[in-house]
1. Please compute the modelled spin-label separation between Gln83 and Ala142, points set 7 Å along Cα→Cβ, answer in nm with one decimal.
2. Determine the shape class of the range 6-110: with a ≥ b ≥ c the square roots of the Cα gyration tensor eigenvalues, call it rounded for a/c under 1.5, and otherwise prolate if a/b is greater than b/c, oblate otherwise.
3. Taking 0.36 nm per residue of sequence separation and subtracting the Cα-Cα distance, how much length would be gained by fully extending the chain between Tyr104 and Ile11, in nm to one decimal?
4. Going by alpha carbons, how many degrees (0 to 90, nearest 10) lie between the helix axis of 19-28 and the longest principal axis of the chain?
5. Using alpha carbon centroids, what distance separates the range 93-133 and the range 24-89, in Å?
6. Exposure proxy check: Val64, Val94 ranked by fewest other beta carbons within 10 Å?
Amino acid sequence: MFEEMIGKQSIPVKNTVELGSVRAFSKAIGDPSPIYTDEEVGKRSRYGTNLAPPTYPRVFDYGVIDEFNLPNVGLIHGKQTFQYNRPLLVGETVMCSTALEDYYERNGKSGLLGFLILKREGKEPNGQTIFTEEQVVIITEAVRKGMTS
């Protein structure tokens, strides 16, 4: 279904890690750690600023892969992992992109399932990688049929 899209990626999009957004995200996930919320704690840290929670990159814009369209409903969140080379700092600019790494199908109890592997990256403007994220999206047979009709 998506085999011809494997390897395609979006054009990187500029994102800024904003303290207000980090505070709201921290509250939403129930982790009020002062390193995320208190400016004085951030200033005294070894990084000289506040950090963003590890799953914060979910709020970033990763751009659009041309001709890659998924429905907004009916997908199953299979798995998601983040790997960091260093913490994500409040105030920094992050260039984010997404790529379709793989697609395969397997038979399941509810019919044929599609497994879409997406890789997202966040880089410094100079190209140094800050983090990578891998996400598995499961497409049920009912959703697949709706996409092709």
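No value in this document is a laboratory result; all are computed from the given coordinates. Everything quoted here is computed from the prediction, not taken from an experiment. Cβ sites come from the backbone with ideal geometry, for glycine too, and all protein chains shown count toward neighbours.
1. 3.5 nm
2. Because a/c hits 1.5 or more and a/b exceeds b/c, the range 6-110 counts as prolate.
3. Contour length minus Cα-Cα distance gives 31.0 nm.
4. With both axes taken from Cα atoms, the answer is about 60 degrees.
5. Spelled out, the Cα-based centre of one part sits 15 Å from the other.
6. Starting with the residue having the fewest Cβ neighbours, the order is Val64, Val94.
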